[in-house]
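Asker: I'd like to ask you about the structure that follows.
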Amino acid sequence: MPESSTSLLVKASSFLKPYTKQIIIASIALVFTAALTLGLVQYVRIIVDRGFVEGSTESLNTAILGFLVVALLQAVGTFARFYWVSWLGERVTADIRKAVYSHIIDLHPGYFEDNLSGEIQSRITTDTTLIQSVIGSSASIALRNLLMMIGGTIFLFITNPKLTSVVMICIPLVIGPILFFGRKVRVLSRSSQDEIANVGAYVGESIQQIKTVQAYNHQAHDDKKFSDHVETAFDVALRRIMMRSFLITIVITLVFGALAAMIWVGGQDVINGTMSAGELTAFVAYAVLVASAVGAISQVISELQRAAGAMERLMELLEAKNEIMAPEKPRQLNGEFKGLLALEAVTFSYPSRPETPALDNVTLRIQPGESVALVGPSGAGKSTLFDLVLRFYDPQAGSLALDGIDIRELDPQDLRSHIAIVSQQPTMFTGNVWDNIRYGRPDASDDEVREAAESAFASEFIEKLPEGFDSYLGESGIRLSGGQKQRIAIARAILKDPEILLLDEATSALDAESERKVQMALEKLMVNRTSLVIAHRLATVMNVSRIAVLDSGKLIAQGSHKELLLESELYANLAKLQFSANSDHAS
């Protein structure tokens, strides 16, 4: 259900409020230029009556001089109006973009399960650009023409009240279609923006996964789907254009019909001698100004309705509720942080799958400095446990505490400042090697970054890159191999120097030699740190303090490798499958 225009206007005005001074300057320039335009018509009347009809050269010269002075003032006023209105459009658009990004970057990850990243990008870029054009241009045009319409109508009454009555009869006939079609244009504009966002999201996904697309020869299929998205966007845009075309046609027909009637009545008065030629010229000029103003407003209203649809989409982002918030008075991790991690009867289901618990009544206590491996089949709940430790989600039942404090009582940023994660598929950001390693601690010096890279055994391949640490890695680190990405991610974690480590099979993408080196670096890093390790290959976690076995969200066993071989059928089967496969491969 679309919001009312008043409600949207109130929300949009909050972005204009800080710039009252600039709005006042632009408004003065707006009124000034509108008044000068209306004043020019009086000089036209004097030129016709005194200069042409009476044949007075002196009056003509005076009128022409005045006309030129007014025109010069008009040019100066137009400069001020255009500059400050354009400035406002750009400034407010920048503020909206910053506000939306600042809000969504803090939203809980669950929000992005239901909202496509490409669609969000479209709102921040395409929709804000539309708003910029409206604030920086269309709104100014609308206000200027509204002033021209009101001022012109007043001068029409002063010049000839009888002719003005013709204008008054037509005003309701013009405003009716503007309101009727304007509402329809807004609804269609919202749909059009949504469809354009879908097009952008599809393009982004295809380009990001271009290797997979081409590996499966999926280009023709994707091309057809993209064409369908584009055609749908075109059809919606066409309906919006049709509505705008109907509106403009009706308004122009009514306005110029009224203008023709006025000229005919005024012409009769000039012929009968009850009205001078200059007065009729002025009246026609004012009538043309009013007619042009009404026509311009009818077109701009369509733009304003498009902007209303765009603003509505942006407000949805700004008002999206963050389900993971810091408490009003967050507790502090008192004294020396130890890293005691305790899960007590934790049950959690993802919002998209509320009937299926990802974790079911899990109780697990990890002592400071202890390393615990999480083992189990896919979907057992290992990664979910990481998500809860980082407080990307809150459990529906039970609690998760850090040093005896429920993490819901901590500021999420404070909590995460003590944790580093290395994923199985590490994230790389567009930028160079410095940027990606320093992501762990933005204030780190170059020497500290180099030291972290050395500890992760990443320096060797970094130095071989074309520009070393200054080498650009491409979008999502596309220029690096999987193993190289993983070592940079490990260097990032080492640089952060956290109390708690979350390792999601951090050596899985490395060759045997690199794996040995990185495993040594990780073991050194894990000393005196609480470590949770997701293990897909049991050989990599033989030396951890304890192994916890998960299955279908339940913690079914925990202990050492030898203990679990005897006590857990699932673990024994996993070990048998992996180690027998390895021995077969070796033979």
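Asker: Roughly speaking, what is the stretch gain from GLU467 to ASP443, that is 0.36 nm per residue apart minus the C-alpha to C-alpha distance, in nm to one decimal?
Answerer: Result: 6.4 nm gained on full extension.
Asker: Then there's this: Which FRET efficiency value, to the nearest 0.05, do you get for ALA345 and LEU16 by plugging their Cβ-Cβ distance into 1/(1 + (r/R0)^6) with R0 = 41 Å?
Answerer: With a Förster radius of 41 Å, E is 0.20.
Asker: Which GluC sites (Glu not before Pro) from the range 439-486 combine a DSSP loop assignment with at most 12 other Cβ atoms within 10 Å?
Answerer: Sparse-neighbourhood loop GluC sites (Glu not before Pro): GLU467.
Asker: What list of ³J(HN,Hα) couplings, whole Hz, do you get for the range 270-286 from phi and the Karplus terms 6.51, -1.76, 1.60, once you set θ to phi - 60° and write x for glycine and proline?
Answerer: Couplings: 5, 4, 7, x, 8, 8, 7, 5, x, 5, 5, 4, 4, 4, 5, 4, 5 Hz.
Asker: If you don't mind, another one. Mind checking the range 266-358 for GluC sites (Glu not before Pro) that DSSP puts in a loop (not H, G, I, E or B) and that have at most 10 other Cβ atoms within 10 Å? Before the final figure, lay out each step's value.
Answerer: On the way: sites: GLU279, GLU303, GLU312, GLU316, GLU319, GLU323, GLU328, GLU336, GLU344, GLU355; in loops: GLU319, GLU323, GLU328, GLU336, GLU355.
Answer in residue order: GLU319, GLU328, GLU336, GLU355.
Asker: Subtracting the Cα-Cα distance from 0.36 nm times the residue separation, let me have the gained length for GLN367 to ASN115 in nm, one decimal. Each step should come with its number before you reach the end.
Answerer: Details: separation 252, 0.36 × 252 = 90.72 nm, distance 3.80 nm.
Length gained, GLN367 through ASN115: 86.9 nm.
Asker: Which of the peptides 366-377, 107-118, 77-88 is most tightly packed, and how do the rest follow, going by the mean number of other Cβ atoms within 10 Å of each residue?
Answerer: Descending packing order for the listed peptides: 366-377, 77-88, 107-118.
Asker: Loop only by DSSP, 11 or fewer other Cβ within 10 Å of the Cβ. Give me the trypsin sites (Lys or Arg not before Pro) in the range 282-377 that pass, ordered by residue number.
Answerer: Values: sites: ARG306, ARG313, LYS321, ARG331, LYS338, ARG365; in loops: LYS321, ARG331, LYS338.
Qualifying residues, ordered by number: LYS321.
Asker: Work out how much length LEU565 to ASP106 would gain on full extension: take 0.36 nm times their residue separation and subtract the Cα-Cα distance, in nm to one decimal.
Answerer: On the way: separation 459, 0.36 × 459 = 165.24 nm, distance 4.34 nm.
Value of the extension gain: 160.9 nm.
Asker: Now a separate question. Sorted from fewest to most neighbouring beta carbons within 10 Å, what does the list ILE120, ILE210, ILE64, ILE25 look like?
Answerer: Ascending number of Cβ neighbours within 10 Å: ILE210, ILE64, ILE25, ILE120.
Asker: Spin-label point model (7 Å from Cα, Cβ direction): what's the ASN272 to GLN425 distance in nm?
Answerer: Each label point lies 7 Å from its Cα, and together they span 8.4 nm.
Asker: If you don't mind, there's one more thing I want to ask. With θ set to phi - 60° and the Karplus curve 6.51 cos²θ - 1.76 cosθ + 1.60, what are the ³J(HN,Hα) couplings of the range 87-98 in order, to the nearest whole Hz, using x for Gly and Pro?
Answerer: After applying 6.51 cos²θ - 1.76 cosθ + 1.60, I find 4, 4, x, 5, 5, 5, 4, 4, 5, 5, 4, 5 Hz.
Asker: Moving on to the next point. Using all C-alpha to C-alpha distances in the range 429-532, build P(r) with 10 Å bins and read off the rounded percent in each one.
Answerer: 16, 51, 30, 3
Laboratory data are not the source of any read-out in this text; all were calculated from the coordinates shown. Source: prediction; values computed, not measured. Methodologically, a virtual Cβ is constructed for each residue, glycine included, from the backbone with ideal geometry; neighbour enumeration extends over all protein chains shown.
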